[in-house]
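The values are calculated or read from the model by the stated rules, or taken from the named source; none is laboratory data. On a predicted model such as this, the values are computed, not experimentally measured, just so you know. FYI the Cβ positions are ideal-geometry reconstructions off the backbone, even for glycines, and counts take in every protein chain you see.
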Amino acid sequence: MLILNEPEIRRLVDAGAARTAIEGAFRALHRGEATLPGVISVPFRGPDGVAHIKAGHLHADAVWTVKVSGDFDPGDGRPITHSGLMLVSSAIDGTLLGVLADNGFLTELRTGAAGAVAADLLARPDASTAAIIGAGSQARHQLEALLEVRGIDDVRVSSRSPERTQVFVDEIAALGLSVRRCDSIEQAVRGAEIVITTTPSTVPLVRAEWLAPGAHVTAVGSDEPTKQELDAEVLARAGVIAVDDRRQTAAFGELHHAIGRGLRTAEDVVTLGELLEGEAAGRTSSEEITVADLTGVGVQDAAIAALVMREATRSQAARLEPRTASTTQEAAGR
């Protein structure tokens, strides 16, 4: 059995490889070539937090995955803490093959990758200005992945913590990008061509009237029915709404709130898999508002875990090759 910790896992995968794996997962889910069970949620109070158990199996892979992750908000201004691990088992005989003690890193990575997939499908090709709401680890993953698919050179950041915002702004400036710390979410959103929300908010943060014509919005924070980052009017105004999974998003994504207000139905949306397979239309004009409502699905975890297992096996084989060659040479010398 393979046991990997977070530093080892970080050396094996990057944003580009993750995006390719996640694209494949969304395609497989749409084609019916994946198994996606429902989510188990365990809420906590004092401090506020939630644990999620998600699972998935891509039928083309010989493994399946169970992921346990947790997010806890200490409520005293400190960052939200993320944790987790993934268990990878054989889809042939059920044997436990790997324990990926990633401390939540793979969840962050695959969520960032999904955001990049959505932006690549829906954002204007010439989009260069991004507003990021939130300044935690997911904000960083979203920006890193977005830079892989769009030529972003201007970033605005707004979050509830001025200290964390400034740290994030300094990191972005070190990348050579123009960046501004905004005092309000409205200030960050107005004029932005891509808006990304990465918070655990339970009240709407982004209003429809702030969005510029042609803006694309990716919301990743709503993974519980009580969470909401976008005013439902944002979805009402959107020409295209893309989701990772209709059933799940209708239950607790941003779509859940728009359905509750009678502004949208589950039939109004397309899935990322449909867009990737060319079976649904994406953006139709440069002025159209587009939204990606991402709740995070278990097939993403299955895809990223399978990727890690493959890369770990390849890495181990590469380390063994010189030793084998040396041993062979020594034997020949004897």
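For S69, the requirement of being outside any helix (DSSP H, G or I), closer than 18 Å to H141 by Cβ and under 21 Å from the mean Cα position of the chain (by Cα) is met. Residues that are under 16 Å from the mean Cα position of the chain (by Cα) and assigned to a helix (DSSP H, G or I) do not occur anywhere in the stretch 211-229.
Of V220, V149, V203, V195, all but one fail to be surrounded by fewer than 18 Cβ atoms within 10 Å (Cβ to Cβ), modelled with pLDDT of 95 or more, of a type in the set (A, V, I, L, M, F, W, C) and closer than 30 Å to K67 by Cα; the exception is V203. With respect to (1) out of contact with any strand residue (DSSP E or B) (no Cβ under 9 Å at 6 or more places or on another chain); (2) more than 19 Å from L146 (Cα to Cα), the lone exception for G176 is condition (2). The set of residues in the stretch 62-118 that are among the hydrophobic types (A, V, I, L, M, F, W, C), touching a Ser or Thr at 6+ places or on another chain (Cβ under 6 Å) and more than 19 Å from E23 (Cα to Cα) comprises F72, M86, V88, L96, L97. When the stretch 99-113 is filtered for residues that are crowded, with 24+ Cβ neighbours inside 10 Å and part of a strand (DSSP E or B), only L100 remains. When every residue of the stretch 315-323 is checked against the conditions, none turns out to be at pLDDT below 95, hydroxyl-bearing (S, T, Y), outside the structural domain of A17 (by TED's automatic domain parsing) and assigned to a loop (DSSP other than H, G, I, E, B). Just to be sure, is T202 assigned by TED's automatic domain parsing to the domain that holds G134 and either in a helix (DSSP H, G or I) or under 17 Å from E144 (Cα atoms) (or both)? Taking the combined requirement at face value, the residue does not satisfy it.
Does any residue of the stretch 126-134 turn out to be crowded, with 22+ Cβ neighbours inside 10 Å, under 20 Å from L205 (Cβ atoms), out of contact with any strand residue (DSSP E or B) (no Cβ under 6 Å at 6 or more places or on another chain) and not basic (K, R)? Yes, that holds for at least one residue. Annotation: of all residues in the stretch 38-66 being part of a strand (DSSP E or B) and of a type in the set (D, E, K, R), the one that is modelled with the lowest pLDDT is D48.
Select from the stretch 273-304 the residues that are within 12 Å of the chain's Cα centre (by Cα) and assigned to a strand (DSSP E or B) and write down the one among them that is nearest to S41 (Cα to Cα). Checked the stretch 273-304; the qualifying residue nearest to S41 (Cα to Cα) is D293.
Selection of the stretch 210-234 for residues being in contact with a Lys or Arg (Cβ under 9 Å, 6 or more places away or on another chain) and not hydrophobic (A, V, I, L, M, F, W, C) yields G214, H216, G221, D231, E233.
Taken over the stretch 244-280, the criterion of being free of Cβ contacts under 8 Å to residues at least 12 places away in the same chain and either aromatic (F, W, Y) or touching a His at 6+ places or on another chain (Cβ under 9 Å) (or both) is satisfied by no residue.
Could you please let me know if I3 is aliphatic (A, V, I, L, M), touching a residue at least 60 places away in the same chain (Cβ under 8 Å) and either closer than 22 Å to L143 by Cβ or surrounded by 14 or more Cβ atoms within 10 Å (Cβ to Cβ) (or both)? Criteria not met by I3.
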